[in-house]
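K.L.:
Let me begin by handing over the structure; questions about it come next.
The values are calculated or read from the model by the stated rules, or taken from the named source; none is laboratory data. Computed from a predicted structure; not experimentally measured. We place every Cβ from the backbone using ideal geometry, glycine too, and count neighbours over all the protein chains shown. Please note that ligands, DNA and RNA were not included when accessible areas were found on the heavy atoms of the full protein model with its side chains. Shrake-Rupley method; radii C 1.70, N 1.55, O 1.52, S 1.80 Å.
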Amino acid sequence: MDYILNFFSGDFGLALLRFVVCMFVNWVIIDRLYYKKSRRRDFYFTFMLISVAIFFLVYFMMGMDRGKATMGVGLGLFGIFSIMRYRTDTMPVREMTYLFIIICLSVVHAMVDVESTPDVLADFLKLGVIDVIVLVAISMCERRLKILSNKLIQYDRPELCKPENKEKLIADLEERTGLKIIKVEVGGIDFLKDSVVLRVTYDSKPNEVDNQFTVRKSQWRNV
């Protein structure tokens, strides 16, 4: 019994406490800030499990003797992730940003030098300040920056693409698509086929099938 108490009261016990703090902060970021808008269960699953794996991977790569750890471990970890990437589908920029934040927080909580001394509260206070700064920054960006989606449309009325017909173009697109269109950008025009490519920005939640005209093989598994 004394061995178990000593085991959890030592450095490994403090590591588990840092792990709990790290997972709580990552859960707040993923569940309350990311998932609330995106509703992507697949990335929710990925972010949570990556945060667990990264924490323990970095911790044991550094060794139980925390004084011998170097920043090379963290830099090497990021080098691994720069080589390894998700090859099935392209990850959107917003999801990639959240993934980077989750990895950073997991590395920081795993690498911080916390010793079982009277200053342990000060060390955890430093982690708390870092976590609060990250949470506030993400929350402010999510509140201030509204998510706008865009998609490519092959349009069959190039005569409406003139600057003086902008309002008619937007009205026709809104009637056909049912979307609240904010901006329209005109691309290539083919007068022989009487068509034009438009990039339409509209007010809606993004989804993983925007600008997709065919079903990929990897998506048939979810059908």
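K.L.:
Which residue pairs have Cβ atoms closer than 8 Å, lie 6 or more positions apart in sequence or on different chains, and pair a first residue in segment 165-192 that is more than 17 Å from Asp203 (Cα to Cα) and open to solvent by 40 Å² or more (accessible area, probe 1.4 Å) with a second residue that is modelled with pLDDT under 90 and part of a helix (DSSP H, G or I)?
P.N.:
none
K.L.:
Could you check how many residues of segment 117-169 are polar (S, T, N, Q) and either assigned to a loop (DSSP other than H, G, I, E, B) or within 18 Å of Arg32 (Cα to Cα) (or both)? Working first, answer last.
P.N.:
The initial filter retains those residues of segment 117-169 that are polar (S, T, N, Q), namely 117, 139, 149-150, 154, 165.
From the residues that got through so far, the ones that are either assigned to a loop (DSSP other than H, G, I, E, B) or within 18 Å of Arg32 (Cα to Cα) (or both) too are 117, 139.
Qualifying residue count, segment 117-169: 2.
K.L.:
Let me ask you something else. Do any helices (runs of 4 or more DSSP H) entirely within segment 1-63 hold 1 or more residues that are more than 23 Å from Arg144 (Cα to Cα), open to solvent by 60 Å² or more (accessible area, probe 1.4 Å) and modelled with pLDDT of 90 or more, and if so, which? So that I can check it myself, show each step before the final result.
P.N.:
Values: elements: 2-9, 11-27, 35-38, 41-62.
The helices (runs of 4 or more DSSP H) meeting that bar are 11-27, 41-62.
K.L.:
Right, Phe78: touching a helix residue (DSSP H, G or I) at 6+ places or on another chain (Cβ under 9 Å), modelled with pLDDT under 90 and of a type in the set (A, V, I, L, M, F, W, C) or not?
P.N.:
yes
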